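Only one structure is covered here, and it is reproduced in the block below.
Readers should treat all values here as calculations from the given coordinates under stated rules, not as data from a laboratory. In this text the structure is predicted, and so the values were computed from the model without any measurement. Note: ideal-geometry Cβ built from the backbone for every residue, glycine included; neighbour counts use all protein chains shown.
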Amino acid sequence: MNRKRCLVTGGAGFIGSHLAERLLDLGHEVAIVDNFYREALCDRPKLPGPLPLIKGSTADKQLMDAIIPEFDVVFHLAAILGVKTTMTRPVEMIEANVEGTRNVLAAAYRSGCKVVFASSSEVYGKGTPPFAEENDRVYGATAKLRWIYAVAKTLEETLCLGYGDKGLPVTILRYFNIYGPRAKEGPYAGVIPRFIRAALAGNDLLVYGDGTQTRCFTYVSDAVEATARAVDPKADQEILNVGSAHQTSIGALAVLVKRLTGSSSRIVNVPFEQVYSFGFEEIPNRFPDMRKTKRILDFSARIGLEEGLARTIDWYRARGGERG
Ligand SMILES: NC(=O)c1ccc[n+]([C@@H]2O[C@H](COP(=O)([O-])OP(=O)(O)OC[C@H]3O[C@@H](n4cnc5c(N)ncnc54)[C@H](O)[C@@H]3O)[C@@H](O)[C@H]2O)c1
């Protein structure tokens, strides 16, 4: 793409910081806006280079109206995320994320700026994979807060499509389990960072349930490549999956992390009921149908799990096993 002025919301976060680096490498002008919500919750990833940084929230309508007209593309990644976080802060999550997305879309619509929106494979809920973009969404009962992250992302996707109908160029990307350096971790999210840190520290690798549940872990450089390509007008008004086509069970992942780190940690299965509070439902298998993304963006994930894990382990090792 030609040199563009790019704004990355959530640019101090995991995917946003990698995206900002990649956009700079591609020769674009890049600025980021972030309210450091994630830092308040856990850690702060290293910011890529000397970038213009606007400290503020997407939920601040005046701020969005003021800054977005300065850009050609907004990569809208800012969000309070994670199923567990959103279960414990549902009102805060819905208000901040949905209002933030509405503000970004409205300001972009007025100024004629393209929007690339970060959605999630969570949107598919407990439907039957492979998940294609046109599949039905299947969620549990409203009272089960486990589904609200998916519901909020669905609402935000619907806002994107609505502004798209009015003429805003917008692309929705559904990310599938992205991992790599700077990924967020916690007891309920980020199984890869959790396993790596445990393995490097010689602690038990806790596999929730029997470990047969599968995911398609996608290395961050692949996710970022697809995101940068989504600026292409061919992707306007489209919903596209972004993920690896390779499924791995959580049990097999634990074995692989143990081998790649040379760790003597034990792998221990823990019943779901011990880990999650009421209302949680695990999704047994989740994998994308990548045909549409291949056709429109000519994108397929390139980094295999073993290579991506090795890179991530090196990153942790360089920081003495800490998040950095
Ligand atoms: N990591 C994944 O596997 C994954 C999977 C599916 C979807 N996503 C989506 O991708 C996006 C980025 O996720 P990530 O893993 O990089 O998360 P992250 O928590 O590392 O990054 C999110 C960033 O947004 C910032 N933020 C939160 N609310 C904000 C607000 N209102 N205004 C400004 N900044 C705000 C946070 O401080 C953080 O720096 C999110 O929209 C997320 O829902 C991620």
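With r defined as the distance between the Cβ atoms of residue 65 and residue 25 and R0 fixed at 35 Å, what FRET efficiency is calculated, to the nearest 0.05? List each step's numbers first, then the result.
Details: r = 30 Å, r/R0 = 0.86.
Once rounded, the FRET efficiency stands at 0.70.
Divide by every residue of the chain the summed helix terms, -39500 (n - 2.57) for each DSSP H run of at least 4, and state the resulting mean residue ellipticity at 222 nm, rounded to the nearest 500 deg cm²/dmol.
Working: 12 runs with 128 residues, N = 324.
My calculation for the chain gives -12000 deg cm²/dmol from helical runs alone.
Taking neighbour counts of Cβ atoms within 10 Å as a proxy for exposure, in what order, fewest first, do 298, 222, 136 appear?
Ordered from fewest to most neighbouring Cβ atoms within 10 Å, 298, 222, 136 come out as 136, 298, 222.
Mind scanning 55/153; 4/234; 55/114; 84/153; 61/84; 61/153 and naming the pairs with a C-alpha gap bigger than 25 Å?
Values: 55/153 23 Å; 4/234 17 Å; 55/114 22 Å; 84/153 15 Å; 61/84 27 Å; 61/153 19 Å.
Over 25 Å apart, Cα to Cα: 61/84.
For 153, 114, 184, what's the fewest-to-most ordering of other Cβ within 10 Å of each Cβ? Intermediate values should be presented prior to the final figure.
On the way: 153 26, 114 22, 184 19.
If I rank by nearby Cβ atoms, fewest first, I get 184, 114, 153.
Between residue 95 and residue 252, what length comes free when the chain is fully extended (0.36 nm per residue of separation minus the Cα-Cα distance, one decimal in nm)? Provide the component values of the computation, followed by the final result.
On the way: separation 157, 0.36 × 157 = 56.52 nm, distance 3.79 nm.
Stretched fully, the residue 95-residue 252 segment lengthens by 52.7 nm.
Give the residue from 172, 196, 237 lying farthest towards the positive end of the charge dipole for the chain; charges sit on Cβ (+1 for Lys and Arg, -1 for Asp and Glu) and the dipole is referred to the Cα centre.
It is 196, whose Cα lies furthest towards the positive end.
Return a whole-number percent for the relative contact order of the stretch 194-324, with Cα pairs under 8 Å and 6 or more residues apart as the contact set.
Details: 176 pairs, mean separation 53.6, N = 131.
With pairs under 8 Å counted, the relative contact order is 41 percent.
Whole Å is fine, so just give me how far the alpha carbon centre of the stretch 194-224 lies from that of the stretch 119-167.
Each part reduced to its Cα centre gives a spacing of 25 Å.
I need 99, 134, 273 ordered by Cβ neighbour count within 10 Å, fewest first. Spell out each step's value before the answer.
Numbers: 99 16, 134 8, 273 11.
Sorted ascending by nearby Cβ count, the order is 134, 273, 99.
I need the trypsin sites (Lys or Arg not before Pro) found in the stretch 222-282, filtered to DSSP loop residues with at most 14 other beta carbons within 10 Å of theirs. Could you put the intermediate results ahead of the total?
Numbers: sites: 229, 234, 258, 259, 266; in loops: 266.
Taking the stretch 222-282 and a limit of 14 other Cβ atoms within 10 Å, the loop trypsin sites (Lys or Arg not before Pro) found are 266.
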